[in-house]
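Heads up: the structure comes next, in structure tokens.
What follows draws every value from the coordinates through simple rules; no lab data is involved. Nothing here was measured: the structure is a model prediction, and the numbers come from that model. Positions of Cβ are generated from backbone atoms using ideal geometry, with glycine treated the same way; all protein chains shown enter the neighbour counts.
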Amino acid sequence: MKRVMMDIKDFFAQKSFSFSKRVEFMPRTRTRYVENASQSYGTVFDPQKILFILDDTMMGSGRDGCVIVVTGIAFKEMFQKPVYIPFDKIKRVQVAGGVVLINSSAHAQKFHLIDEADLRA
């Protein structure tokens with residue numbers, strides 16, 4: 001049996017997810033979330049490399065939360081510096097309530113406005 005390797009962007013594109021308004025899935029152009037996250041996280045995010053933006057701000061600006069790109073995950077909490085974790089350093093991701101745990105709590109990110117169902121997806 002021949003195994004076919006699929007690019008992660010193709011995998012997500014084939015799935016049908018229903019997310020809240022706080023999750024932007026695979027933006028293809030510069031949106032306000034992409035622009036605001038780029039400013040807040042201190043890096044220019046290429047929309048072609050973004051899988052998800054999870055907005056954890058009260059006003060829906062996208063400046064805090066999480067950006068998942070093809071190479072890893074960046075977290076940004078209000079008044080904190082962003083944290084980037086490449087996928088090759090991630091062994092396990094868990095969701096417990098509104099908290100995402102990376103590698104059994106080596107990094108714990110609490111989300112205040114994104115519900116657990118969106119985090120799990």
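Which order do the peptides 26-37, 64-75 come out in when sorted by mean C-beta neighbours inside 10 angstrom, highest first?
64-75, 26-37
In what sequence, highest mean first, do 47-56, 100-109, 82-91 appear when ranked by Cβ atoms within 10 angstrom?
Working: 47-56: 20.1, 100-109: 15.2, 82-91: 12.9.
Descending packing order for the listed peptides: 47-56, 100-109, 82-91.
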